[in-house]
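Enquirer: Input: one structure, supplied below.
Bear in mind that the values in this text are calculations on the coordinates, not laboratory data. Everything quoted here is computed from the prediction, not taken from an experiment. Every residue, glycine as well, gets a Cβ built from its backbone with ideal geometry; the counts of neighbours run over all protein chains shown.
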Amino acid sequence: MPSTVGACPLALDQILLVPQEQSMIAKLKGLLDETGTDWAVIDVAGVGYLVHCSSKTLSALGEVGEACTVFTDLQVSENDMRLLGFAEAGERDWFRLLTQVQGVGSKVALAILSALSTQEVQTACAQGDAAMVARAQGVGPKLAGRIVNELKDKAGALLTAPGAAGSPATLKGSASADAVSALENLGFKPAIATRAVATAQGELGEDASESELIRVALKRAAG
């Protein structure tokens, strides 16, 4: 694994003061420079960012040298600063939810998202199917049970749009993903941002621009 991950504008003690629900780096667009078993280096204007990823995200990034986009989450502890990368904003939302469960760190969360799609995680939590979550490497029955129990009530809210009768919200196109990120950066929780943008996209249509989605989604999220 590369020993350097690119420049960061703030010192670690300064970053620790940043609220964790609003990541400093929300998204990276650049060239795929290098990959490993659970990481990739994204070259953005000559700076290489090391991002830890699920196997599903690594598969979605394409070939080395190709352009790629990853949604990111910055995890900071007293001794470490780690950037996580995701092919879709929805995967990042589930990563954040999973890591709220006691005993689930970034490594376990990525293992779950490598073994299951986001819809499978949503279904497992909504139905209390601990066995499905336990498919992930390093997740035993006890931890899997805790995950589905704690996230059961949140599962529907994260991926389901209001009025959709329990069907997963379908956020299509990069504009919707960028709109979700924009709302998150304004302080809205991932579940609320995703739900509001899904509603806005349903009202405006799949061809709506990012600015249009943000304008309508802000009204729905605030309401």
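Enquirer: Can you pull out the GluC sites (Glu not before Pro) in region 47-130 that DSSP calls coil and that have at most 10 other Cβ atoms within 10 Å?
Expert: Details: sites: Glu63, Glu66, Glu78, Glu88, Glu91, Glu120; in loops: Glu63, Glu66, Glu78, Glu88.
Answer by residue number: Glu63, Glu66, Glu78.
Enquirer: Determine the distance separating the Cα centre of region 22-96 from the Cα centre of region 97-139; give it in Å without decimals.
Expert: The two parts, judged by their Cα centres, are 19 Å apart.
Enquirer: Just need the relative contact order of region 90-159 here, percent rounded to a whole number, with Cα pairs under 8 Å and 6+ apart.
Expert: Computed over region 90-159, the figure is 33 percent.
Enquirer: Distance check, please: which entries in Lys29/Lys142; Lys107/Lys154; Lys27/Lys56; Lys29/Lys107 exceed 27 angstrom between their Cα atoms?
Expert: Lys29/Lys142
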